[in-house]
Structures are given as structure tokens and as C-alpha cells.
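Worksheet: one structure, shown below.
The values are calculated or read from the model by the stated rules, or taken from the named source; none is laboratory data. Computed from a prediction, not measured in an experiment: that's the story for all the values here. Note that we place each Cβ from the backbone using ideal geometry, even for glycine, and neighbour counts take in every protein chain shown.
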Amino acid sequence: MKRVLIVLFGLLLLGGCGKPVDDLKVISFNIRYNSWYDRESPNCWELRRDAVVRMIREERPAALGLQEALIDQLQYLDSCLPQYRRVGVGRDDGMEAGEFMAIYYDTARLELLSDSTRWLSLTPEVPSKYEGAGCFRTVTVARFRDRQSGKEFAYLNTHLDHVSDYARILGAQVIGDIVANRLGELPAIVGGDMNAESDSSEYSPFAFFRRAGLQDARTLTDSTSHAITYNAFGQNDGAVIDHFFVRDVKVLRFCTLNGNYGAPYISDHYPIEILFRLPE
């Protein structure tokens, strides 16, 4: 009897008091680049960065997709989060110049199988952009194996254009093509700052996601959030422009992380988070 109780207690600890150990958590977060515009404001990176680290440590995602991160910001996070590794390149030169669509992953939970970066343009293999786009835009693609279950999935982290509706649509087409034609039957998660509200029309960027079999994660669980994700540091009413789309995963919870992590705003966007389970 004593041995049975010890085993049951160990299972409870391993499973988080009833939470299945196979459940995974992923966060998407526009971190707000370290801008000289913010240097004299209460929203400068130096006053936000410790709160960002606190958010990550408290939430403990298996993977975290960042948008707008510059190399100095990533190096700071690297130093504070030794259990995580990252993939992704600077969008301006494919190395360290410009913003990164970085993906961090917990090395104790996930094994990286492969990673790549594609530009949202007519020449996705090299730094480039669609005509009319405000800047270079990329998607980082990472394939992972969950060390606990042995199951595999892909996580794609992106930031669609903020200037051109046309570039947003064509960028989503590049991502949809990757999911539909390059990932096989692998379960997939696409997250990021889409610079667009949810839209079911055939002329929205998300039409190309739907054609690739991706569904809006907010609509797949009763435990969901429709709170604003772009908060503009409190300067306007905000908008819901950060999204997760998924294929062949069970979404258990969708959260907008708008709590207090030690700074009034950790960015001009709130992080979004999904708890999900891979198929049997």
C-alpha cells in the first residue's frame, strides 16, 4: 500500500496535479524593438526587459516566438534564459542585421529537428520584399520533437507587413504554401503579429492559411480570449492583430497575457499563448 501511494504521488507531481504531461505551451510576442524613439520614455527597453524575462519565467513556454527583436535584445534574453536556445536570423541580411522573428525553445522539453527562414517575397530564399511592402518580412520555421511524448510538430513565427494590404496577403500565401507543401502531414502552429484583425473573407491574409488547413486557434476552445493584443502603450483603444493558427492540434486554452509582470507595459503588444495537445 505504501508503495502504491508513493507511485501515485510521483505521478501527480509529474503530471502537474492532473495536467497531462503531453500538453505544450507556446507564446507569440511582439517584443517592440529597442527604438531610439523610446529612449527617454517609460517604455524604453531598459525599463521593460526585466519584466519580459519575468513573464517568460512565469509562463514557462516550451517555445516562444518573438517579433521585432533586435540582436542586443536577444543577447540580453540569452543571458537571462540559459535553458532556452533560439533560431532565426536578422531579416535585413540573413545574419544579425534588422529585426528577428526568433523562436526560443526549452531544450529540456523540445528537440530541434530543423529550422529555416523564408522571406515573404517572390524570392523567399534571399533577403527581399514585395513591391509596396514597408520592409523585409520573414517567417522562421522550426520543427521540433517533444522529448516527453516523442511527437513532432512545426512552429512558424512571422510578422506580416504593416503598410500594404497586398503584401500582407502575399506574405500569408508564402506561409500557407510552406504549411501545405513543405511540412507533409506534420501538425503545425503559425503565430505572430499579423497586422490584421480576424477576417473570414476570401480577400483576407487568413484565406491562404485556411486553404492550407489552418484554423484560428481562438475559435477552437471555450477557454479563449478576444482581448486586445496591440495596446499601443495605452495611447489608444488597441486592436486584436496577434494570432495563432493551427493544423492538427487540439487547442486547450488561448490566453492574452495582459497581467502585471513588473512594468506597466512589457511591450506595445501583449503576448498571446496557447496550451495545446498533439494528436495521438
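Scoring L64 on the criteria (1) crowded, with 22+ Cβ neighbours inside 10 Å; (2) touching a residue at least 60 places away in the same chain (Cβ under 8 Å) leaves a single failure, condition (2). When A154, A167 are checked against the criterion of being within 25 Å of D93 (Cα to Cα), of a type in the set (A, V, I, L, M, F, W, C) and in contact (Cβ under 8 Å) with a residue 40 or more places away in the chain, a single residue qualifies: A167. If you go through region 231-256 and keep only what is buried (at least 19 other Cβ atoms within 10 Å of the Cβ), in contact (Cβ under 8 Å) with a residue 60 or more places away in the chain and part of a loop (DSSP other than H, G, I, E, B), you end up with just V249. Has region 185-200 got at least one residue that is among the hydrophobic types (A, V, I, L, M, F, W, C), in a helix (DSSP H, G or I) and either over 24 Å from M55 (Cα atoms) or in contact with a helix residue (DSSP H, G or I) (Cβ under 9 Å, 6 or more places away or on another chain) (or both)? The answer is no; no qualifying residue exists. Apart from one condition, V139 fits all of (1) among the aliphatic types (A, V, I, L, M); (2) surrounded by fewer than 22 Cβ atoms within 10 Å (Cβ to Cβ); (3) not in a helix (DSSP H, G or I); the exception is (2). Between G171, G184, G192, G176, the distinction of being in contact with a strand residue (DSSP E or B) (Cβ under 7 Å, 6 or more places away or on another chain) and of a type in the set (G, A, S) belongs to G192 only. For region 187-207, the tally of residues that are surrounded by 21 or more Cβ atoms within 10 Å (Cβ to Cβ) and aromatic (F, W, Y) stands at 1. The set of residues from region 146-159 being in a loop (DSSP other than H, G, I, E, B) and either within 20 Å of D115 (Cβ to Cβ) or among the small types (G, A, S) (or both) comprises R147, S149, G150, K151. Within region 154-169, the set of residues being in contact with an Asp or Glu (Cβ under 9 Å, 6 or more places away or on another chain) and surrounded by 22 or more Cβ atoms within 10 Å (Cβ to Cβ) comprises T158, H159, L160, A167, R168. Inspection of region 17-36 finds a residue satisfying the criterion of being at pLDDT below 95, surrounded by fewer than 16 Cβ atoms within 10 Å (Cβ to Cβ) and touching a Cys at 6+ places or on another chain (Cβ under 9 Å).
When region 102-121 is filtered for residues that are in contact (Cβ under 8 Å) with a residue 60 or more places away in the chain and under 21 Å from F136 (Cα atoms), only R118 remains. Here D222 fulfils each of the conditions (1) free of Cβ contacts under 8 Å to residues at least 40 places away in the same chain; (2) buried (at least 17 other Cβ atoms within 10 Å of the Cβ) apart from (2).
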